[in-house]
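Colleague: Got a structure for you, written out below as structure tokens; questions coming shortly.
The values are calculated or read from the model by the stated rules, or taken from the named source; none is laboratory data. Keep in mind the model is a prediction, meaning the values are calculated, not measured. No Cβ is skipped: glycine too gets one built from the backbone with ideal geometry, and neighbour counts run over all protein chains shown. Ligands, DNA and RNA are excluded from the accessible area calculation, which covers all protein heavy atoms including side chains. Shrake-Rupley method; radii C 1.70, N 1.55, O 1.52, S 1.80 Å.
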Amino acid sequence: MASSAQENDRVNDLVQQMTLEEKIGQLTQLGQYIPDTVPIDDRIRQGQVGSILWLSDPAEINRLQHLAVEQSRLHIPLLFGLDVIHGFRTIFPMPLALAASWDPTLVERVQAVAAREARACGINWTFAPMVDIARDSRWGRIIEGAGEDPFLGAAMAKAQVRGFQGAEIGSPGHVLACAKHFAGYGAADGGRDYDSAYVPETLLRNVYLPPFRAALDAGVGTFMSAYMDLNDVPATGNRFLLDRVLRREWGFRGFVVSDANSVADLATHGFARDLQDAAFRALSAGVNMDMASRTYLEHLATSVQKGRIPVAVIDEAVRPILATKIRMELFEHPYIDESQIQSILAAPEHRQLARSAAQRSAVLLRNEGQLLPLKLHDVKSLAVIGPLADSQQDLMSAWAMTGNPKDVITVVEGIRNKVGNRIQVEYAQGVEMSRKYPSMFDVLMGRPQPTPWTEAQSQAELDRAVELAGRSDLVVLVVGELATMSGELASQASLELPGRQVELIKAVAATGKPVALVLVNGRPLDLSQVAERVPAILEVWHPGVEGGNAIADLLVGDAAPGGKLTVSWPRGAGQCPIYYAHNLTHQPDASPMFTSRYWDIPSSPLYPFGFGLSYTTFTYSNVRLDQAEARRGETIHVSVDVENTGERPGDEVVQLYLHQCAGSTSRPVRELKGFARIALAPGEKKVVQFALGPDELSFWSSAENTWVQEAETFDVWVGGDSTAALHTTFKIK
Ligand code: BGC
């Protein structure tokens, strides 16, 4: 790898040779799917393109790269960017599910496999990880992030960057990563995707930005600016975010790409006067590369000629893009070896990892009477019922466009694989569901929509499913959402289980047969009508290609659920946004008169942040500190004993929460500041230790307008979720 001085020389050398048009070309990302008057081949030959997006065909990638390297004047290779979100061909659980594993090592391995497969096919840049904090389940893109918490979000951001990029940018078999969407995108008003976000600086600094900062600390090469207005300034033209925070405070040296079309959209927002102004304002805010809109290509040169943009500013924008291409050794190795692709995509260890990731992402939400793991010795017939029980497409997410639904093991298949001929497994769909407004992804992929069932057919299918449940010994009911019901442009107002699923659950439960409910979905859903009607609920999210096998492993106890929620699960959409790290009110205790709450339902979530059951039980004891008083800047160590007090082996996610009791500002009731997923055999006890240093004890104070660590008293709780009771305190002097 070139030293930074050599890299600098090469960048300078190129910049000196480049025409203004070629420089603007490097700032431009285009693709065949974007309507254009000039064929993409010509644009590449003329040096008008720095990067191609939405292309995954290896032969076409090689062809375009040959054009760039052999037929453009300066032979600068292209970056090929794509959304490789949770797998390329081997689709893994969706990101919110991966986060529910609370296992950064697993997440890093998953994204390393995704990178390996993508890179083999010519993709050298992924638009991931998405590190937006989301506290509103109505927002469809909650599925793409790690949930509501900045500490966990930061850990997952780091793990993903390391997985995608490897030890450093340019690691063989890896891709360039992109932290998106900078910033505040998850705070969309009303949970409506793309809507404006109003995030005060204290929330931005303490909650929304830390995962981005973590991605940067892990060496992420690129950032993507978000679509929406942040505090009235569109993120793509937002100098505060892109210049002051990202470059000047954080010292980011890579490059920023806009979200798709968001440079042109500065005019649509009513922020820029016209497209020329949009190009000027995005560039001067700090967006290096224009994704898809051609606004830079068509308008920047005029601004330079008019003297509105100095050439030096263009040069500064081009430099990190060239430096990245050099660091990735694209000049030396621009092409891929197509003969290697098949063996890489078919590597059996990729599917094994997908199975283990799906097992580790699952969260057991309810298990009355220990229905799970299923006791199968006396079972002769098992009904697998529900609209997601035999679906391949819906075990992947909307982003899994390079995956192949045919690779997916459905729940019915997984269960049949598991029980063989010992038990008769029968399937009934029961109900169907669809979106009221079509999905962007279905439209883009040209997927035909199924003809809706007639009223008579709906009733007949429901009756058939209930009849099957009635004559079976045991029922596995698989409900939730279609893959297209979460993700981009998939916000949902009600959070209710779509279609007639609630009716199906009630009718199946009324047969009196034991029912294990398996949830396949991208976001928390309103379970208020059904949670108490079934003894067991296993949340498996959109679990990926090995979903069916992993679910079967979990249902029979060949694997044990050990995941925990990374979002507070609301009782209904009316509670959104909801998050555990809120501040205290002046009436925090549960006094019936004055407590801040709704008059119709409690304020608490249905399942708290960090919650998840196991097939065994854990006991926490003996929380202790190495010192009960420390000076600012010192580190306090907290230890706790955790014991498996049940009969089966299991994993526990040990969590530490902190509360600063007083200070220059009010602080949240609790904040996650440490976690560890550990495996314990029956009867086994382990000591888990956490370190609380300046990073954990500091916060951005809106009163002081800066980062502070204050000499105050702190509460500490350790336990298995955000309601943990085991408590101690310490003082910072
Ligand atoms: C999304 C981004 C994505 C981009 C490119 C946009 O619509 O907001 O997350 O990376 O498209 O596919």
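Residue by residue, here is whether (1) assigned by TED's automatic domain parsing to the domain that holds L504; (2) surrounded by 17 or more Cβ atoms within 10 Å (Cβ to Cβ); (3) over 18 Å from L477 (Cα atoms) holds:
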site: A301; (1), (2), (3): no, yes, yes
site: V313; (1), (2), (3): no, no, yes
site: E329; (1), (2), (3): no, no, yes
site: N367; (1), (2), (3): yes, yes, no
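Colleague: Looking only at the stretch 346-363, count every residue that is surrounded by 22 or more Cβ atoms within 10 Å (Cβ to Cβ) and not hydroxyl-bearing (S, T, Y) and tell me the total.
Modeller: Residues in the stretch 346-363 being surrounded by 22 or more Cβ atoms within 10 Å (Cβ to Cβ) and not hydroxyl-bearing (S, T, Y): 9 in total.
Colleague: How many residues does the stretch 711-726 contain that are open to solvent by 20 Å² or more (accessible area, probe 1.4 Å) and in contact (Cβ under 8 Å) with a residue 24 or more places away in the chain?
Modeller: 8
Colleague: Might you check whether a residue that is surrounded by fewer than 23 Cβ atoms within 10 Å (Cβ to Cβ) and assigned to a helix (DSSP H, G or I) occurs anywhere in the stretch 70-91?
Modeller: Within the stretch 70-91 (the criterion being surrounded by fewer than 23 Cβ atoms within 10 Å (Cβ to Cβ) and assigned to a helix (DSSP H, G or I)), the answer is yes, since at least one residue qualifies.
Colleague: While we're looking at this one, here's another question. Which condition number in (1) touching a Phe, Trp or Tyr at 6+ places or on another chain (Cβ under 7 Å); (2) open to solvent by 20 Å² or more (accessible area, probe 1.4 Å) is the one that V412 fails?
Modeller: (2)
Colleague: Yes or no: D259 farther than 30 Å from Q709 by Cα and assigned to a loop (DSSP other than H, G, I, E, B)?
Modeller: Taking the combined requirement at face value, the residue satisfies it.
Colleague: Among what's in the stretch 430-487 and is more than 27 Å from G147 (Cβ to Cβ) and in a strand (DSSP E or B), pick the residue that is nearest to the chain's Cα centre (by Cα).
Modeller: Once the filter is applied, the top-ranked residue is V475.
Colleague: Among (1) more than 30 Å from Q111 (Cα to Cα); (2) not in a loop (DSSP other than H, G, I, E, B), where does L554 come up short?
Modeller: (1)
Colleague: Any idea which residue in the stretch 172-215 is farthest from the ligand (Cβ to nearest atom), counting only those that are open to solvent by 20 Å² or more (accessible area, probe 1.4 Å) and over 26 Å from D232 (Cα atoms)?
Modeller: Of everything passing the filter in the stretch 172-215, P172 is farthest from the ligand (Cβ to nearest atom).
Colleague: Restricting attention to the stretch 217-239, and to residues there that are closer than 22 Å to L27 by Cβ and surrounded by fewer than 20 Cβ atoms within 10 Å (Cβ to Cβ), which single residue is nearest to the ligand (Cβ to nearest atom)?
Modeller: V233
Colleague: Within the stretch 93-113, which residues are closer than 22 Å to A346 by Cβ and within 14 Å of the chain's Cα centre (by Cα)?
Modeller: Matches in the stretch 93-113: P93, V110, Q111.
Colleague: Does S381 fit the bill of being touching a Ser or Thr at 6+ places or on another chain (Cβ under 6 Å) and under 27 Å from P104 (Cβ atoms)?
Modeller: No.
Colleague: Going by what's in this entry, would I123 be described as within 16 Å of the ligand (Cβ to nearest atom) and more than 30 Å from E329 (Cα to Cα)?
Modeller: no
Colleague: What tally of residues in the stretch 134-171 results from selecting those that are assigned to a helix (DSSP H, G or I), among the hydrophobic types (A, V, I, L, M, F, W, C) and open to solvent by 10 Å² or more (accessible area, probe 1.4 Å)?
Modeller: 3
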